[in-house]
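What follows is a single structure, written as structure tokens, with notes after it.
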Amino acid sequence: MAAPALELLFTATIATNLTGMIANGPMGTRVIVDASTGTFEGPRLRGNVSGPGGDWVTVRADGTMQLDVRILLKTDDGADIYCEYKGIGLDGATHITTAPMFQTAHENYTWLNNVVAIGRGTSGGGQVTFEVYEVK
């Protein structure tokens, strides 16, 4: 079997805003982040991040961040695409790796329902920026 190849799906920039925190819980520190506005653009789809959306981060004992994100993508031609991903943030989330999955019923984008993707990005300054690639 050939090694997987990657194809760019989109680049996203999403505004982030801390909305809550539970320090030193049983699983680590839980940080709740609003992630309901932003943009995404790629060769086959583009549009806005349209709330609600958020990240339920767990800061683990070793300082790494376990991400748990759900956002709604609204394409420029009116499709709603649910995007959910888990991931890991290192070095204060300056290095983020994610595994997005998608759900939509819009006929132009049903191909996304079968995509396995990976994302790489960074956060800082009240936003997260990352590139999402389809694994081929």
*asked:* Of all residues being within 17 Å of Thr122 (Cα to Cα) and out of contact with any Phe, Trp or Tyr (no Cβ under 7 Å at 6 or more places or on another chain) in region 40-64, which is surrounded by the most Cβ atoms within 10 Å (Cβ to Cβ)? Just the residue, please.
replied: Asp55
*Go through (1) touching a residue at least 24 places away in the same chain (Cβ under 8 Å); (2) assigned to a strand (DSSP E or B); (3) surrounded by 13 or more Cβ atoms within 10 Å (Cβ to Cβ); (4) not hydrophobic (A, V, I, L, M, F, W, C) and name the single condition Glu84 misses.*
(1)
*Test each condition in (1) surrounded by fewer than 16 Cβ atoms within 10 Å (Cβ to Cβ); (2) out of contact with any His (no Cβ under 9 Å at 6 or more places or on another chain) for Gly78 and report the one that comes out false.*
(2)
*Here is a list of conditions, (1) of a type outside the set (S, T, N, Q); (2) surrounded by fewer than 21 Cβ atoms within 10 Å (Cβ to Cβ); (3) touching a helix residue (DSSP H, G or I) at 6+ places or on another chain (Cβ under 9 Å); (4) part of a strand (DSSP E or B), and Leu9 meets all of them except one; can you say which number that is?*
(2)
*State the number of residues belonging to region 102-120 that are over 11 Å from Tyr82 (Cβ atoms), of a type outside the set (D, E, K, R) and not in a loop (DSSP other than H, G, I, E, B).*
6
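The numbers here are math on the coordinates, done by the rules we state, and not lab data. Just so you know, these numbers come straight off a predicted model, no measurement behind them. When we count neighbours, we look across all protein chains shown, and the Cβ atoms used for this are built from the backbone with ideal geometry, even at glycine.
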